[in-house]
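Coordinate-derived values only; no laboratory data. Please read all numbers here as calculations on a predicted model, not as lab measurements. Cβ atoms come from the backbone with ideal geometry, glycine included; neighbour counts cover every protein chain shown.
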């Protein structure tokens, strides 16, 4: 099995995807160790931490570095456990049944066309466990393979990100225990189990701690905690380092001023016992906006920073520079 090889502080550029701009991931030794431990133990890696710390980005960076296919499923309050395994298109099947009846089609032909497997689409976890089986089933259902960027190769295995699992009811993680723990599941309407095949998938699951996760689920996961450093000066150094990695054209004065502002706002939020703390994501958003609004001019960038920081940071702190 191929393990993740990345040095502390190593940078990796991630291509723009959807509405996301190109990003730079900076590897940390503990994250690399956690991913390799999950690969070796063949267990999911649960990443805990406040929003915006880079939990989701780590999964994509691991996929690129390992040259594996990348799959993502974003959980919401309506998610059911089988949504990650398969989707049965009951609406399309009913419409076809009604059309078949209206046209007076042959009963045997209609029965063949209305077989359950014709409307069964593989979910993200099915693709991750057994890409070949999922591809065959997708062809039956008239669906294409998940598109991949150059270098993300399913023949090397897959990295599946299950994002924000804490948004779902507790029966969702409980419903995934067999598939995640034993590497197999049985789709709707089929008698044969789908078994994991090829390189075991790296399943990365994130939580923002909005809801407690079941103990049975937690026992099947390795756990990585990501957070900003505890001390304010360490927080500033951490943020400035991330800023340099993402925005090489910005002057250190701008990076320092933005970090100072964020840490001050973060401290004020904590003192007021607020649960939403500005962090790495807000810092990078602020720098991205400053760079776009005042390219190449440090004085103008610092002025822009003061003008727009309150919109990004959420908490005005009275900071002036």
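Odds and ends about this structure:
- Rounded to 10°, Cα long-axis angle of helix 298-313 versus longest principal axis of the chain: 50 degrees
- Span from the the range 133-192 Cα centroid across to the the range 1-47 one, whole angstrom: 20 Å
- If you run the Gaussian network model on the chain, springs between alpha carbon atoms under 10 Å, then out of 244, 288, 111 the most flexible one is 111.
- Fully extending the segment from residue 77 to residue 117 would add 11.7 nm, taking 0.36 nm per residue of separation and subtracting the current Cα-Cα distance.
- Percent antiparallel among DSSP beta bridges (both partners in the chain, rounded to 5): 35 percent
- Normalised by 2.2 N^0.38 Å, where N is the number of residues, the alpha-carbon radius of gyration of the range 124-260 equals 1.43.
- Distant alpha-carbon pairs in the range 191-285 (separation over 15 angstrom), percent: 71 percent
- Compactness index (Cα Rg / 2.2 N^0.38 Å), the range 232-313: 1.02
- Distance (nanometres) between label positions extended 7 Å along Cα→Cβ at residue 110 and residue 300: 7.0 nm
- Net lengthening on full extension, residue 171/residue 197 (0.36 nm per residue, minus Cα-Cα): 6.7 nm
- Efficiency of FRET between residue 41 and residue 91 - r from beta-carbon atoms, R0 41 angstrom, step 0.05: 0.50
- Order of 239, 99, 177 under a 10 Å beta carbon neighbour criterion, fewest first: 99, 177, 239
- Translational D in µm²/s for the chain (Stokes-Einstein at 25 °C, 0.890 mPa s, Kirkwood Rh from C-alpha pairs): 112 µm²/s
- Given R0 = 22 Å, the distance between the Cβ atoms of residue 143 and residue 11 translates into a calculated FRET efficiency of 0.05.
- In the chain, the longest principal axis of the Cα atoms and the axis of helix 280-293 are about 70 degrees apart.
- Cα-Cα separations in the range 45-160 greater than 16 Å, expressed as whole percent: 68 percent
- Taking each DSSP H run with n ≥ 4 as -39500 (n - 2.57) and averaging over every residue of the chain yields -13500 deg cm²/dmol at 222 nm.
- Relative to the longest principal axis of the Cα atoms of the chain, the long axis of helix 232-246 makes an angle of roughly 60 degrees.
- The base-10 log of I(q)/I(0) for the range 8-100, evaluated at q = 0.12, 0.14 Å⁻¹, reads -0.55, -0.68 [Debye formula, identical scatterers on Cα atoms, solvent excluded].
- Highest average packing first - 300-311, 37-48, Cβ atoms within 10 Å: 37-48, 300-311
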